[in-house]
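Values quoted throughout were computed directly from the atomic coordinates according to the rules given, and no laboratory measurement underlies them. Owing to the predicted nature of the structure, the values given are computational and were not obtained by experimental measurement. Methodologically, a virtual Cβ is constructed for each residue, glycine included, from the backbone with ideal geometry; neighbour enumeration extends over all protein chains shown.
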Amino acid sequence: MVETFENERIYQERFKEYFRPDYMTDPIDYYLTHKIMPKVVLYQVGLYPVLNGVFVDHAPILFEKGDHLDIKYKMQRVGKVEFNRYMKYLHEAYKSDSTNIDNEYAGTWSFMT
């Protein structure tokens, strides 16, 4: 997912302390408090390994000295993402403290980098 901002100041200011008070513990808090409706586009990316000219559809990829590994990729714009789906993505992919098999997304993050 790619989020775009009409005003770059919003992006630059979002990490400053006065824009991120202590009560903001989840990404949705930031967006709702500042009345930001982000424009988000979903892209689908596929990576396809090719070892010595043969497509590899399993992991791990085992190769030896002298082998030639290529990676082919496909990137496709899927379309706009609704606010609630994007908030779910931010919450699940970047905020979940524990693994939940019901989650669609997985990852780690924090407001501060």
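Scanning the range 44-95 for residues that are among the aliphatic types (A, V, I, L, M) and touching a Lys or Arg at 6+ places or on another chain (Cβ under 8 Å) turns up VAL45, LEU47, VAL50.
The C-beta contact set for the range 41-57 (first residue among the aromatic types (Phe, Trp, Tyr), second residue assigned to a strand (DSSP E or B) and surrounded by 10 or more Cβ atoms within 10 Å (Cβ to Cβ), distance under 6 angstrom, 6+ apart or interchain) comprises TYR43/ARG77; TYR48/LYS72.
Does MET24 meet the test of being surrounded by 14 or more Cβ atoms within 10 Å (Cβ to Cβ), closer than 25 Å to VAL2 by Cα and not aromatic (Phe, Trp, Tyr)? So MET24 passes the test.
Restricting attention to the range 43-90, the residues being closer than 26 Å to ASP29 by Cβ and hydrophobic (A, V, I, L, M, F, W, C) number 4. Consider the range 68-83. How many of its residues are in a loop (DSSP other than H, G, I, E, B) and touching a strand residue (DSSP E or B) at 6+ places or on another chain (Cβ under 6 Å)? Counting residues in the range 68-83 that are in a loop (DSSP other than H, G, I, E, B) and touching a strand residue (DSSP E or B) at 6+ places or on another chain (Cβ under 6 Å) gives 1.
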